[in-house]
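Single-structure report; data block below.
Taken together, the values in this text are just the output of simple stated rules run on the coordinates, not laboratory data. Treat the numbers as computed from the prediction; the structure is a model and nothing was measured. Reconstructed Cβ throughout: ideal geometry from the backbone, glycine too, with neighbour counts over all protein chains shown.
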């Protein structure tokens, strides 16, 4: 019962925060302002609330580590291969762009 009430209270807190932000920013309220508020202010609240209501298991740590491992397994050979194929640093950056846009230098 208490957790349900806390969830409902948090929803109303976010509604009040949105109303206060609209009153403060008036004409300055743009998509950039909303994005910044979401990333720096609202997302930490949602993250902390999510971790406080759910139990933390080893899968929550294991899955990001597997993702990081896969990314590194793909990224490191790609970087090494690009150093073998392209000797000039500018070619490494320009060649993929020119082939995609059908512009040949």
When the chain is fully extended, how far beyond the present Cα-Cα distance does residue 67 get from residue 80, taking 0.36 nm per residue of separation? 2.6 nm
Take the alpha carbon gyration tensor of the stretch 13-95, find the square roots of its eigenvalues, order them as a ≥ b ≥ c, and report rounded if a/c is under 1.5; if not, report prolate when a/b exceeds b/c, else oblate. oblate
Is the shape of the stretch 2-53 best called rounded, prolate or oblate, per the rule: a/c under 1.5 gives rounded, else a/b larger than b/c gives prolate, else oblate, with a ≥ b ≥ c the square roots of the Cα gyration tensor eigenvalues? oblate
If R0 is 30 Å, what FRET efficiency do you get for residue 51 and residue 19 from their C-beta distance, rounded to 0.05? 0.65
